[in-house]
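K.L.:
I have a structure I would like to understand better, so I am pasting it below and will then ask my questions one at a time.
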Amino acid sequence: MVRSGVPVVPPANMVERRLSQTLGEYATQTFAVAAAEVEKLYHDPLELLTRAVQPVLWLLLFGEVMAQVRGVAPGNIPYLDFLAAGILAQSALFVAIFYGISAIWERDLGVLQRYLVSPAPRSALVLGKALSAGVRALSQAVIVYLLALLLGVALDLNPLHVAGVAAAIILGSGLFATLSLIIACLVKTRERFMGIGQVLTMPIFFASNAIYPLSLMPSWLKVVAHANPLTYEVDVLRTLMLANGTSDFGVLLDFAVLFAFGAVLVAIAARMYGRMGF
């Protein structure tokens with residue numbers, strides 16, 4: 001604003017109102033995308049049951065067998081307790097890592113083009129999809145918690161810790177869903193995406209502390225694990241989920257690493273998402 005050749009600075013309260021309005025619109029657009037994605041789950045509840053099979057098999061079969069081997073879990077933690085947090089992170093990972101295929105479907109059905117012509121910023125679209133992946137992963141958390149209680153795992157049911165677990169799941173799932181979206185933007189076909197998704201999932205899972213501690217890893221694998229965001233997600237889940245859980249890195253560092261990875265991936269995905277429709 002200029003008056004008589006002299007710039008006039010808007011009042012601070014006007015700037016604050018504009019900023020608040022902009023942030024409010026951004027949040028509304030983000031949650032609208034997330035709500036549309038979550039509604040798909042409401043119309044297909046069978047997906048929840050099919051996704052419950054994998055954590056059940058891991059905890060009941062792999063967990064019960066490996067619980068007979070001493071010295072795998074650090075300290076005095078029973079191996080089944082140690083494994084529970086890792087399987088929760090794994091379940092959330094498997095939900096998120098194939099999330100990009102829905103973007104390919106949306107492009108083929110013409111839904112993506114409608115998103116792109118909307119006034120919503122690309123980053124809001126990406127964040128909305130990441131948030132919906134986190135909500136879907138929370139359903140896996142409920143299943144793992146119930147099964148862990150039945151198996152006698154010493155869970156920490158402190159409401160603040162449970163809220164921390166939910167936050168870590170949403171953040172971690174959003175991170176891997178955004179990575180999945182980036183892959184979808186690059187390959188653009190369902191067949192290629194499924195192949196790459198299969199290739200990525202197992203290395204991310206096994207190159208983490210989900211089923212064995214970092215102390216058992218060879219030196220080269222420790223380096224890979226420290227660069228793997230799933231390692232930090234498992235660490236914070238193990239700390240907050242278990243009554244006797246301990247952290248290798250500290251909860252604050254775990255959340256900081258997940259947030260940093262997520263922010264970088266959202267920035268990349270926001271630039272690439274608009275090109276996917278063409």
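K.L.:
Any chance region 141-151 includes a residue that's modelled with pLDDT under 85, touching a Ser or Thr at 6+ places or on another chain (Cβ under 9 Å) and buried (at least 20 other Cβ atoms within 10 Å of the Cβ)?
P.N.:
Of region 141-151, the ones modelled with pLDDT under 85 are none.
So far as region 141-151 goes, no, none of its residues is modelled with pLDDT under 85, touching a Ser or Thr at 6+ places or on another chain (Cβ under 9 Å) and buried (at least 20 other Cβ atoms within 10 Å of the Cβ).
K.L.:
Could you pull out the residue among 204, 183 that is surrounded by 17 or more Cβ atoms within 10 Å (Cβ to Cβ) and within 16 Å of residue 264 (Cβ to Cβ)?
P.N.:
Values: 204 fails: within 16 Å of residue 264 (Cβ to Cβ).
Going through 204, 183 in turn, just one is surrounded by 17 or more Cβ atoms within 10 Å (Cβ to Cβ) and within 16 Å of residue 264 (Cβ to Cβ): 183.
K.L.:
Give the residues of region 194-214 that are under 23 Å from residue 73 (Cβ atoms), free of Cβ contacts under 8 Å to residues at least 40 places away in the same chain and out of contact with any Asp or Glu (no Cβ under 9 Å at 6 or more places or on another chain), sorted by residue number.
P.N.:
In the first step, residues of region 194-214 are kept if they are under 23 Å from residue 73 (Cβ atoms); the result is 202-214.
Applying the additional criterion that residues be free of Cβ contacts under 8 Å to residues at least 40 places away in the same chain yields 202-203, 206-207, 214.
Answer for region 194-214, where residues must be under 23 Å from residue 73 (Cβ atoms), free of Cβ contacts under 8 Å to residues at least 40 places away in the same chain and out of contact with any Asp or Glu (no Cβ under 9 Å at 6 or more places or on another chain): 202, 203, 206, 207.
K.L.:
From the set of residues in region 72-116 that are assigned to a loop (DSSP other than H, G, I, E, B) and of a type in the set (A, V, I, L, M), which is modelled with the highest pLDDT?
P.N.:
Just the residues of region 72-116 that are assigned to a loop (DSSP other than H, G, I, E, B), to begin with: 72-78, 98-99, 110.
Okay, now just the ones that are also of a type in the set (A, V, I, L, M), so 72-73, 77.
On the way: 72: 70, 73: 73, 77: 83.
So the residue we want is 77.
K.L.:
Looking at residue 221, is it under 22 Å from residue 66 (Cα atoms), out of contact with any Gly (no Cβ under 6 Å at 6 or more places or on another chain), modelled with pLDDT of 90 or more and surrounded by 19 or more Cβ atoms within 10 Å (Cβ to Cβ)? Outline the logic, then answer.
P.N.:
On the way: under 22 Å from residue 66 (Cα atoms): yes; out of contact with any Gly (no Cβ under 6 Å at 6 or more places or on another chain): yes; modelled with pLDDT of 90 or more: yes; surrounded by 19 or more Cβ atoms within 10 Å (Cβ to Cβ): no.
Spelling it out, it is not the case that residue 221 is under 22 Å from residue 66 (Cα atoms), out of contact with any Gly (no Cβ under 6 Å at 6 or more places or on another chain), modelled with pLDDT of 90 or more and surrounded by 19 or more Cβ atoms within 10 Å (Cβ to Cβ).
K.L.:
Only one of these is under 23 Å from residue 259 (Cα atoms) and among the polar types (S, T, N, Q): 123, 102. Name it. Steps first, answer last, please.
P.N.:
Details: 102 fails: under 23 Å from residue 259 (Cα atoms).
Answer to the selection: 123.
K.L.:
Return a yes/no flag: does region 159-177 have any residue that is in contact with a Pro (Cβ under 9 Å, 6 or more places away or on another chain) and more than 18 Å from residue 84 (Cα to Cα).
P.N.:
Let us first name the residues in region 159-177 that are in contact with a Pro (Cβ under 9 Å, 6 or more places away or on another chain), namely 172, 175-176.
Next cut, more than 18 Å from residue 84 (Cα to Cα) only: 175-176.
Within region 159-177, one or more residues are in contact with a Pro (Cβ under 9 Å, 6 or more places away or on another chain) and more than 18 Å from residue 84 (Cα to Cα).
K.L.:
OK, next. Cβ-Cβ under 8 Å, sequence separation 6+ or interchain: first residue in region 151-176 and at negative phi, partner of a type in the set (Phe, Trp, Tyr). Which pairs?
P.N.:
Here the result reads 155/145; 167/255; 168/255; 171/255; 171/259; 175/261; 176/99, each pair linking region 151-176 to a residue that is of a type in the set (Phe, Trp, Tyr).
K.L.:
Restricted to region 130-186, and to residues that are in a loop (DSSP other than H, G, I, E, B) and aliphatic (A, V, I, L, M), which residue is farthest from residue 210 (Cα to Cα)? Write out each step before concluding.
P.N.:
Filtering region 130-186 for residues in a loop (DSSP other than H, G, I, E, B) gives 151-154, 156-158.
Those left that are additionally aliphatic (A, V, I, L, M): 151, 153-154, 157.
Working: 151: 18, 153: 16, 154: 17, 157: 21 Å.
Filtering region 130-186 for residues that are in a loop (DSSP other than H, G, I, E, B) and aliphatic (A, V, I, L, M), the one farthest from residue 210 (Cα to Cα) comes out as 157.
K.L.:
Also, I was wondering about something else. Does residue 167 satisfy the criteria of being closer than 19 Å to residue 239 by Cβ, out of contact with any strand residue (DSSP E or B) (no Cβ under 8 Å at 6 or more places or on another chain) and surrounded by fewer than 20 Cβ atoms within 10 Å (Cβ to Cβ)?
P.N.:
On the way: closer than 19 Å to residue 239 by Cβ: yes; out of contact with any strand residue (DSSP E or B) (no Cβ under 8 Å at 6 or more places or on another chain): yes; surrounded by fewer than 20 Cβ atoms within 10 Å (Cβ to Cβ): yes.
Yes, satisfied.
The values are calculated or read from the model by the stated rules, or taken from the named source; none is laboratory data. Keep in mind it's a predicted model, so treat the numbers as computed, not measured. Because the Cβ atoms are built from the backbone with ideal geometry, glycine has one as well, and the counts that use them run over all protein chains shown.
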